[in-house]
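Shown next, in structure tokens, is the structure this report addresses.
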Amino acid sequence: MTDHDADCERCEELLQSYLDRDLTVEEVVIAEGHLDGCDYCRRRYRFEEHLRRYIRISASERMPAGLLAKLAELRGPTADNF
Ligand SMILES: [Zn+2]
């Protein structure tokens, strides 16, 4: 457990809301401060950000359901392998 500590867990909790721009100023400071110094969480953040962009595009362009399922699949293992 060298690269995944309590701060990372907290950051992951905040991540979804952070992407939704749904955090208090205090929480944003915590999340951004941590993302700034943590490679693991920064990668998670970028991945989630990309995923959301894909989902938004696919929602408007009606991406095939199979492709969406594939993206969702990618999400799980990636999180565990870091
Ligand atoms: Zn972290």
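The values are calculated or read from the model by the stated rules, or taken from the named source; none is laboratory data. None of these values were measured; they are calculated from a predicted model. Ideal geometry is used to build each Cβ from the backbone, glycine not excepted, and the neighbour counts take in all protein chains shown. Please note that ligands, DNA and RNA were not included when accessible areas were found on the heavy atoms of the full protein model with its side chains. Shrake-Rupley method; radii C 1.70, N 1.55, O 1.52, S 1.80 Å.
Whenever you get a sec, line up ASP36, ASP5 from highest to lowest accessible area (probe 1.4 Å, protein heavy atoms). Can you show the working numbers first?
Values: ASP36 125, ASP5 75 Å².
Result of the area sort, largest leading: ASP36, ASP5.
With each pseudo-label sitting 7 Å past Cα toward Cβ, what's the ALA59-TYR40 distance in nm, one decimal?
The modelled label-to-label distance comes out at 3.0 nm.
Excluding ligands and nucleic acids, what accessible area in Å² is computed for LEU67 using a 1.4 Å probe, to the nearest 10?
Approximately 80 Å² for this residue.
In what order, largest first, do SER17, SER60 sit by accessible area if the probe radius is 1.4 Å? Numbers along the way, then the final one.
On the way: SER17 35, SER60 95 Å².
These residues rank, largest area first, as SER60, SER17.
Using protein chains only and a probe of 1.4 angstrom, how many square angstrom of ASP39 are accessible, to the nearest 10?
Using a 1.4 Å probe on the heavy atoms, I get roughly 90 Å².
How far is it, in nm, from the label point at ALA72 to the one at GLU26 when both lie 7 Å from their Cα along the line to the Cβ?
Result: 3.5 nm between the two label points.
How much solvent-accessible surface does TYR54 expose, in Å² to the nearest 10, with a 1.4 Å probe and all protein chains in place?
120 Å²
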